Each structure stands twice: as structure tokens, then as C-alpha cells.
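Have a look at the structure below before the remarks.
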Amino acid sequence: MSVEELGEPLSIHEASQLIGCSAWTVRQVWLPLGLPCLRSGPGGKLIFYREQVVAWILARQKKGGVKP
């Protein structure tokens, strides 16, 4: 996957805005359910990529979604 395919990098706050929830909900609910991200190092910040987040949302919608 190329950088263009991943889309722009997002912070947890930007990813939460894209999803439509709080950063807390991303961390406590969606990450354990498989929301794709990259940790920048041990204890480092989480980095999300726009296209991966969108693809994850679309895949969950096709499966009928999961209630947090």
C-alpha cells in the first residue's frame, strides 16, 4: 500500500471527528474492536490514516455494524 492509498495521517482527535465520536470512545471502544492505527513508539501517540479509517467504517457498515 502506498502513501497515497493510506491517505493523510490523522491524530486521534482528527480520527474521532471523522468517525463522529470522542477521542475517548476511539481509544476505549473502537481500537479494541480493530480500528487500524500505528503507534509511533512505546507509549507514543497513535497515528491513523484517513483511507484506512474510512475503509474500516465501510467494512463495518457492510457487516451490519457493531454497537459499542
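For P(r) over Cα pairs in 5 Å bins from 0, in percent, the listed values are (1) 3, 17, 28, 28, 15, 7, 1; (2) 3, 12, 8, 9, 9, 8, 8, 7, 6, 6, 6, 6, 5, 4, 2, 1, 0; (3) 3, 17, 21, 17, 15, 10, 8, 5, 3, 1; which was obtained by calculation from the structure presented?
Comparing each candidate, only (1) matches the computed number.
Using a 1.4 Å probe, how large is the accessible area of Trp30, given in Å² and rounded to the nearest 10?
Spelled out: Trp30, probe radius 1.4 Å, area about 40 Å².
Output the relative contact order of the chain, whole-number percent, from Cα pairs under 8 angstrom with separation of 6+ residues.
Reported as a whole number, the value is 38 percent.
Accessible area of the chain with a 1.4 Å probe: how many percent of it is carbon plus sulfur? It would help to have the intermediate numbers written out before the result.
Numbers: 2630 of 4650 Å².
So the carbon and sulfur contribution to the accessible surface is 57 percent.
Rounded to the nearest 0.05, what FRET efficiency do Arg27 and Val54 have when you use their Cβ-Cβ distance and R0 = 22 Å?
Efficiency computed from Cβ-Cβ geometry: 0.70.
The values are calculated or read from the model by the stated rules, or taken from the named source; none is laboratory data. Small disclaimer: the values here were computed from a predicted structure and weren't measured. With ideal geometry, Cβ positions are generated from the backbone for all residues, glycine too; neighbour counts draw on all protein chains shown. Calculation scope for accessible area: heavy atoms of the full protein, side chains included, ligands and nucleic acids excluded. Shrake-Rupley method; radii C 1.70, N 1.55, O 1.52, S 1.80 Å.
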